[in-house]
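What follows is a single structure, written as structure tokens, with notes after it.
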Amino acid sequence: MRSIGPKCKQCRREGEKLFLKGERCSTQKCAIVRRNTAPGKGKKSMTSKLSEFGKQLREKQKTKRIFGITEKVFRNYYQKASSRRGNTGDNILTLLEIRLDNIIYKAGFTSSRNQARQLVSHGFFAINGKRVDIPSISLRPGDKITAYKEFKSNLEQEHRSPSWLKVDFTKKAIEVLSFPEKDELEKSVAVNMIVEFYSR
């Protein structure tokens, strides 16, 4: 089951900003700025000593929260990634990066992945002219995403999107030019620890 609790508590649990609430995370209202302790009664240190298994578990949980996916879905990504050629860790991150909700967020159309997921679920976007409402759809080079007229974004159009995406704010369109390169994958995740966790 995907976590639907307070987003700020998820950041406090991991002890770092996961940017789950978009612009709020960059202000003084951010929970990590105001109260950098684990949720629950009493003050709990976020730097408590963890076993190797504990570190791997926390990294997996953090990644699930960043991309807003369930354990079952994440395990399926791992199995799919391990069956492909190349580095399993890089394959996992590539599969996460090419999700529809993540691409809309990376293109700068929304301030968070959660917002992108909600808009897709409400049918604000189409892939290659076909309206979709499934945020987890995987895209390939050549696919084009367009937003319907009722979609509005108050974000700055100067947002710097990754090189593997071509973004047109005027036409409200995104084109996937290629799969992301290794240096363009999510950098806040120690994916090797996730691979070690699942391969135990």
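The values are calculated or read from the model by the stated rules, or taken from the named source; none is laboratory data. What you see is a predicted model; the values in this text were computed from it and never measured. So basically every Cβ, Gly included, is an ideal-geometry build from the backbone, and we count neighbours across all protein chains shown.
Quick notes on this structure:
- Filter result for Ile104 (surrounded by 13 or more Cβ atoms within 10 Å (Cβ to Cβ) and assigned to a strand (DSSP E or B)): no
- Neighbours by Cβ (under 8 Å, 6+ apart or cross-chain): first from segment 70-94, under 18 Å from Asn192 (Cβ atoms); second of a type in the set (Asp, Glu): Leu93/Glu186
- Positions within segment 107-127 being among the aromatic types (Phe, Trp, Tyr) and in a loop (DSSP other than H, G, I, E, B), in sequence order: Phe109, Phe124
- Among the residues of segment 92-101, the ones that are surrounded by 24 or more Cβ atoms within 10 Å (Cβ to Cβ), part of a helix (DSSP H, G or I) and not hydrophobic (A, V, I, L, M, F, W, C) come to 1 in all.
Residues checked against (1) under 30 Å from Pro180 (Cα atoms); (2) at pLDDT below 95; (3) outside the structural domain of Gln118 (by TED's automatic domain parsing):
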| site | (1), (2), (3) |
| --- | --- |
| Val33 | no, yes, yes |
| Phe53 | yes, yes, yes |
| Arg58 | yes, yes, yes |
| Lys64 | yes, yes, yes |
| Gln79 | yes, no, yes |
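- One residue from Ile134, Ile127 being in contact with a helix residue (DSSP H, G or I) (Cβ under 8 Å, 6 or more places away or on another chain), of a type outside the set (Phe, Trp, Tyr), surrounded by fewer than 15 Cβ atoms within 10 Å (Cβ to Cβ) and farther than 26 Å from Leu57 by Cα: Ile134
- Filter result for the condition that a residue is among the charged types (D, E, K, R) and either surrounded by 14 or more Cβ atoms within 10 Å (Cβ to Cβ) or within 10 Å of the chain's Cα centre (by Cα) (or both), over Lys72, Lys60, Lys49: Lys60
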